[in-house]
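**Student:** First, the structure itself, so that you have it in front of you.
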Amino acid sequence: MREFIVEADGGSRGNPGPAGYGAVVSDAATGETLRETAEYIGVATNNVAEYRGLLAGLRAAFALDPAATVHVRMDSKLVIEQMSGRWKIKHPDMKPLAAQAARVFPPGQVTYEWMPRAQNKHADRLANEAMDAGARGERWSEAASTAELHAAPRVAATPEPPGDAAAGAARVRDALAAGRAAAGPAGPVPDAVPASARGATSPSSGDRARTGEARAGADAGTQAEVDAETGKHVTAVRPAEAAADARAAQAVAEGGIARADADVRAAAAETPVVRAEADVRAAKAGASGENADADTRAAKAGADTRAAKVDADTRAAQAVAAPGWAPADMGAPATFVLLRHGETPLTPQKRFSGSGGTDPSLSDIGREQAERAAAMLARRGTIQAVVSSPLARTRETAGIVAARLGLDVGIDDGLRETDFGAWEGLTFAEVRERHPDDLNAWLASPDAEPTGGGESFAATATRLAATRDKLVAAHAGRTVLLVTHVTPIKTLVRLALGAPPESLFRMELSAASLSVVAYYADGNASVRLLNDTSYLR
């Protein structure tokens, strides 16, 4: 039976603030990195980001081998103690995440261990890479990640046979790291911000690039690092030639051993993604001499492109295949039938109507639309529960449908529409005339709020993700009708597809339309229907 190590971390630059997570899956026997994953998740707390990292790491391990045993190592005492069952989980945003994490593997296959933050650098750097990418409006890419190159060497749990390529690569990395540590800084090392100041001050390649430290290091032979023992962000001044020699030495060493490691993995690989990852590692190690750094970047660029394409193709194939090819023992998904409320007097006028406005009721047309939706859903006969946003138009729509189905209506505040602030009740043209700068900012960034302190799309997405997770945990294997609004439905679809925030502006969602998303036990989601209005005609 295979054994994996999952190391995970999450951070928030503000707590709550822009947040991301990172997780790495490694082979417990060899120490080889098998999978890296990271994601920017919008505005969230540290603890939510940590739980999201745990969940992602477990899902990545499950995808590699569902029968494997997994040992989770994190520097979050809270997550480790709660998942081990020693502490109670009280926070409503963390309960559904913990429940999902507990369901990825059967009970008994996963163990948990706390570790010092200084030992969790790989996952921490992945989380920071994800937050850096989110700040740029981009998605994190495994092919472009450099987190493993800067992380502390991973020591294998058991001795390897002579000649094992992965073990040889690990020993070379250990030797190189020991050499750098022994050399020490050539100049004074000032105290700086502790790495434990999570998120806003945790150093990463993206942080240094943004502040100009990386550029200064390249120009003046200065390198910014994080001390492995103290966790402090330090600046070590070395001659530029020495830095080049160190890079060249690492490239030469990895060229002889890490390339062999890549060849072994490529020979055993069964998927294009594994081969692409091996190509990337080999390309990273292919440079030598004074031009090591430039040659490595040039060689890596071609491999990154191939790996990114293969990775994207594989994710797309998995998303399509998941509904029909999920393992038989995964059980029925939690299926959300998403019904937008019927028309209100504001709907045909295309006015902003969120959770902070006049809370209008349905018009006569809206009530007729709700009746038609109810008749169609009654004929289908699959709805097992009804949950509604608290606003009047959704409660009225839900009441009409639930009465036809003989069900009660539950209310969940997380399903409410976005608060559009001072734009409530205005048309798009009126907003452009009165608040042109705020509107342009809102169209350009999911973090921008409507005039007057409304809710950003990023904040809405965080709210909806937590609501989704809670409802999936409460309705596993059931079909549930969620009666809600334009932005919540579009957001749930966007999150299921892994689409960027701007996709919200590229979906049509008519009044009283139906969309369907299914959520599986392994974390996969399948969009089955979008904006169906056939029953209204």
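**Student:** Those residues that are out of contact with any Gly (no Cβ under 8 Å at 6 or more places or on another chain) and at negative phi, I need them from the range 10-36; list them, please.
**Tutor:** Within the range 10-36, the subset out of contact with any Gly (no Cβ under 8 Å at 6 or more places or on another chain) is 16, 26-35.
Within the range 10-36, P16, S26, D27, A28, A29, T30, E32, T33, L34, R35 qualify.
**Student:** Would you point out the residue of the range 422-443, among those that are crowded, with 17+ Cβ neighbours inside 10 Å and without any contact (Cβ under 8 Å) to a residue 40 or more places away in the chain, that is nearest to the chain's Cα centre (by Cα)?
**Tutor:** By that ranking, first place goes to W442.
One line per residue, one yes/no per condition, for (1) touching a Pro at 6+ places or on another chain (Cβ under 9 Å); (2) assigned to a strand (DSSP E or B); (3) without any contact (Cβ under 8 Å) to a residue 24 or more places away in the chain; (4) open to solvent by less than 60 Å² (accessible area, probe 1.4 Å):
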| site | (1), (2), (3), (4) |
| --- | --- |
| L339 | no, yes, no, yes |
| S353 | yes, no, no, yes |
| M376 | no, no, no, yes |
| V386 | no, yes, no, yes |
| E396 | no, no, no, yes |
| G399 | no, no, yes, yes |
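**Student:** While we're here: Kindly check whether there is at least one residue in the range 99-109 that is modelled with pLDDT of 90 or more, farther than 24 Å from D132 by Cα, small (G, A, S) and within 17 Å of the chain's Cα centre (by Cα). Steps first, please.
**Tutor:** In the first step, residues of the range 99-109 are kept if they are modelled with pLDDT of 90 or more; the result is 99-106, 109.
Going one step further and asking which of them are farther than 24 Å from D132 by Cα, we end up with 99-106, 109.
Now drop any that are not small (G, A, S), which leaves 99, 101-102.
Add one more test, that the residue is within 17 Å of the chain's Cα centre (by Cα), and what stays is 101.
Yes, that holds for at least one residue.
**Student:** So is L497 surrounded by fewer than 21 Cβ atoms within 10 Å (Cβ to Cβ) and within 27 Å of Q369 (Cβ to Cβ) or not?
**Tutor:** Working: surrounded by fewer than 21 Cβ atoms within 10 Å (Cβ to Cβ): yes; within 27 Å of Q369 (Cβ to Cβ): yes.
Yes; evaluated as a whole, the condition is true for this residue.
**Student:** Over 16 Å from the mean Cα position of the chain (by Cα) and of a type outside the set (V, I, T): is that true of R537 in this structure? Even if it seems obvious, please write down each step before you answer.
**Tutor:** On the way: over 16 Å from the mean Cα position of the chain (by Cα): yes; of a type outside the set (V, I, T): yes.
The answer is yes for R537.
**Student:** So for the range 8-17 (the condition being hydrophobic (A, V, I, L, M, F, W, C), crowded, with 24+ Cβ neighbours inside 10 Å and either in contact (Cβ under 8 Å) with a residue 24 or more places away in the chain or under 14 Å from A61 (Cβ atoms) (or both)), does at least one residue qualify? Show your work before the answer.
**Tutor:** First, pick out the residues of the range 8-17 that are hydrophobic (A, V, I, L, M, F, W, C): 8.
From the residues that got through so far, the ones that are crowded, with 24+ Cβ neighbours inside 10 Å too are 8.
Add one more test, that the residue is either in contact (Cβ under 8 Å) with a residue 24 or more places away in the chain or under 14 Å from A61 (Cβ atoms) (or both), and what stays is 8.
Scanning the range 8-17 turns up at least one residue that is hydrophobic (A, V, I, L, M, F, W, C), crowded, with 24+ Cβ neighbours inside 10 Å and either in contact (Cβ under 8 Å) with a residue 24 or more places away in the chain or under 14 Å from A61 (Cβ atoms) (or both).
**Student:** Here's something else I'd like to know. Of P446, P390, which residue is open to solvent by 30 Å² or more (accessible area, probe 1.4 Å), closer than 16 Å to S353 by Cβ and in contact (Cβ under 8 Å) with a residue 24 or more places away in the chain? Full working, then the answer.
**Tutor:** Values: P446 fails: closer than 16 Å to S353 by Cβ.
Going through P446, P390 in turn, the sole match is P390.
**Student:** Can you give me the number of residues within the range 63-79 that are in a strand (DSSP E or B) and either among the hydroxyl-bearing types (S, T, Y) or free of Cβ contacts under 8 Å to residues at least 12 places away in the same chain (or both)?
**Tutor:** So in the range 63-79, the residues in a strand (DSSP E or B) come out as 69-74.
Next, only the ones that are either among the hydroxyl-bearing types (S, T, Y) or free of Cβ contacts under 8 Å to residues at least 12 places away in the same chain (or both) stay: 69.
Going through the range 63-79 one residue at a time, the tally reaches 1.
**Student:** Suppose we keep only residues that are out of contact with any Phe, Trp or Tyr (no Cβ under 8 Å at 6 or more places or on another chain) and charged (D, E, K, R) within the range 15-56. Which one would you say is nearest to F457 (Cα to Cα)?
**Tutor:** By that ranking, first place goes to E36.
**Student:** Does D447 meet the test of being over 24 Å from the mean Cα position of the chain (by Cα), in a loop (DSSP other than H, G, I, E, B) and either among the acidic types (D, E) or over 20 Å from S526 (Cα atoms) (or both)?
**Tutor:** Values: over 24 Å from the mean Cα position of the chain (by Cα): no; in a loop (DSSP other than H, G, I, E, B): yes; either among the acidic types (D, E) or over 20 Å from S526 (Cα atoms) (or both): yes.
So D447 does not fit the description; no.
Conditions tested, residue by residue: (1) touching an Asp or Glu at 6+ places or on another chain (Cβ under 8 Å); (2) in a strand (DSSP E or B); (3) open to solvent by 40 Å² or more (accessible area, probe 1.4 Å).
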{"position": "E81", "(1), (2), (3)": "no, no, no"}
{"position": "W87", "(1), (2), (3)": "yes, no, yes"}
{"position": "K90", "(1), (2), (3)": "no, no, yes"}
{"position": "Q100", "(1), (2), (3)": "yes, no, no"}
{"position": "R103", "(1), (2), (3)": "no, no, yes"}
{"position": "P107", "(1), (2), (3)": "no, no, yes"}
{"position": "Y112", "(1), (2), (3)": "no, yes, yes"}
{"position": "A118", "(1), (2), (3)": "yes, no, no"}
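**Student:** If you check every pair at least six apart or on different chains, which have Cβ atoms under 9 Å apart with a residue in the range 407-421 that is within 16 Å of H485 (Cα to Cα) first and a residue that is surrounded by 20 or more Cβ atoms within 10 Å (Cβ to Cβ) and aromatic (F, W, Y) second?
**Tutor:** If the second residue must be surrounded by 20 or more Cβ atoms within 10 Å (Cβ to Cβ) and aromatic (F, W, Y), the pairs left are T418/F457; F420/F352.
The values are calculated or read from the model by the stated rules, or taken from the named source; none is laboratory data. As the structure is a computational prediction, the values presented were derived from the model and not from experiment. Cβ atoms come from the backbone with ideal geometry, glycine included; neighbour counts cover every protein chain shown. Ligands, DNA and RNA are excluded from the accessible area calculation, which covers all protein heavy atoms including side chains. Shrake-Rupley method; radii C 1.70, N 1.55, O 1.52, S 1.80 Å.
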